[in-house]
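Presented below is the structure to which this report refers.
The values are calculated or read from the model by the stated rules, or taken from the named source; none is laboratory data. If you're wondering where the values come from, they're calculated on a predicted model, not measured in any experiment. Cβ sites come from the backbone with ideal geometry, for glycine too, and all protein chains shown count toward neighbours.
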Amino acid sequence: MMTPNLVHLFPLFATVFMAAAVLAYTGITTRYWDCCKPSCAWPGRIQVSEPVRTCNKNDKWPNPLNSSAQSACNGGDAYTCSNNGPWVIDNNLAYGFAAAKLAGKSEQDWCCACYKLTFTSTSITGKQMIIQVTNTGSDLENNHFDLAIPGGGVGMFPQGCQSQFDGAWMGDTYGGYQNRNDCYNLPEGQFRDGCFFRFDWFQNAQNPTVEFHEVSCPQAMIDRTHCGRWSYKDFVDQGKDEPLEQAGLEL
């Protein structure tokens, strides 16, 4: 039988436990889009449903799928798909993808994991994004999310977008395009829409700080990358399922 003192303490224990479960960390953000194959797209690195899907130069899943295809940034034909850009859910919430480096963790921990970011600076303070990590940023600081936004800057790897967009101007190496009209340098559709996102919902915020914590990935995000983190049993069972979409089709 629980003693009276323990009965009174139980709600406190529960409150502390729940607070710990949603403990938020502080971090920083930048933006990029280098068109390269994301690091979480390589096979055999982590236990997931399948590696992040990549696209060919025409922004289609190859048929057959080939997770071992070389990155476009190394002369291959594996590019970041346009559907890996951000999109709006409502005025205060958006979904997207990012490269990341998290303190005390490794690629095995963050690849295809999802995090809720709450912006804590600039004009978008209070807005939130749920992002899935699809890439590892070797040049990033700890607790750093490099948001994948088309036209956001090619960084150290200009060759991927030069190849995919036939030499189209991509803006500043770090930071990318500086105004909304620059987005018209990108192909119509999800590339351009993802670029517009930065100047519309994101209000062209410059590297806002965030509080973040890990969350379950929305199915809408997994539907785009096909990369989900499951237990070993679920991973094996998932491997028996048919793909949700056929390779070689428009995304």
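Do we find a residue being touching a helix residue (DSSP H, G or I) at 6+ places or on another chain (Cβ under 6 Å) and either over 26 Å from ALA69 (Cα atoms) or of a type in the set (Lys, Arg) (or both) anywhere in the range 210-223?
From the range 210-223, those touching a helix residue (DSSP H, G or I) at 6+ places or on another chain (Cβ under 6 Å) are none; that's our starting set.
Checked the range 210-223: no residue is touching a helix residue (DSSP H, G or I) at 6+ places or on another chain (Cβ under 6 Å) and either over 26 Å from ALA69 (Cα atoms) or of a type in the set (Lys, Arg) (or both).
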The condition from (1) surrounded by 15 or more Cβ atoms within 10 Å (Cβ to Cβ); (2) in contact (Cβ under 8 Å) with a residue 24 or more places away in the chain; (3) not in a loop (DSSP other than H, G, I, E, B) that ALA205 misses is numbered (3)
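Does at least one position in the range 238-245 carry a residue that is over 18 Å from the mean Cα position of the chain (by Cα), loosely packed, with under 12 Cβ neighbours inside 10 Å, among the aliphatic types (A, V, I, L, M) and modelled with pLDDT under 95?
Narrowing the range 238-245 to residues over 18 Å from the mean Cα position of the chain (by Cα): 238-245.
Narrowing further to those that are loosely packed, with under 12 Cβ neighbours inside 10 Å: 239-244.
Checking which are among the aliphatic types (A, V, I, L, M) leaves us with 244.
Within this subset, residues satisfying the condition of being modelled with pLDDT under 95 are 244.
The answer is yes, given that some residue of the range 238-245 is over 18 Å from the mean Cα position of the chain (by Cα), loosely packed, with under 12 Cβ neighbours inside 10 Å, among the aliphatic types (A, V, I, L, M) and modelled with pLDDT under 95.
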State which residue pairs qualify: first residue closer than 28 Å to PHE197 by Cβ and inside the range 64-82, second residue surrounded by fewer than 16 Cβ atoms within 10 Å (Cβ to Cβ) in any location, beta carbons under 6 Å apart, and separation of 6 or more residues or different chains.
-> LEU65/ALA247; SER67/PRO43; GLY76/GLN70; CYS81/LEU251
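The rows are residues; the columns are (1) in contact with a strand residue (DSSP E or B) (Cβ under 9 Å, 6 or more places away or on another chain); (2) more than 23 Å from THR173 (Cα to Cα); (3) modelled with pLDDT of 95 or more.
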{"residue": "VAL52", "(1), (2), (3)": "yes, yes, yes"}
{"residue": "LYS57", "(1), (2), (3)": "yes, no, yes"}
{"residue": "TRP61", "(1), (2), (3)": "yes, yes, yes"}
{"residue": "LEU65", "(1), (2), (3)": "no, yes, no"}
{"residue": "ALA69", "(1), (2), (3)": "yes, yes, yes"}
{"residue": "TYR79", "(1), (2), (3)": "yes, no, yes"}
{"residue": "ASN84", "(1), (2), (3)": "yes, no, yes"}
{"residue": "ASP90", "(1), (2), (3)": "no, yes, yes"}
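When the residues of the range 18-42 are narrowed to those that are in a loop (DSSP other than H, G, I, E, B) and modelled with pLDDT of 95 or more, which ends up nearest to ALA100 (Cα to Cα)?
Step one: list which residues in the range 18-42 are in a loop (DSSP other than H, G, I, E, B), which gives 22-24, 33-38, 42.
Still in the list and also modelled with pLDDT of 95 or more: 33-38, 42.
Values: TRP33: 13, ASP34: 15, CYS35: 16, CYS36: 15, LYS37: 15, PRO38: 11, TRP42: 16 Å.
Here the answer is PRO38.
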For the range 78-116, which residues satisfy the criterion of being acidic (Asp, Glu) and in contact with a Ser or Thr (Cβ under 9 Å, 6 or more places away or on another chain)?
-> GLU107
If only one of ALA103, ALA98, ALA69 is hydrophobic (A, V, I, L, M, F, W, C) and buried (at least 19 other Cβ atoms within 10 Å of the Cβ), which one is it?
-> ALA98
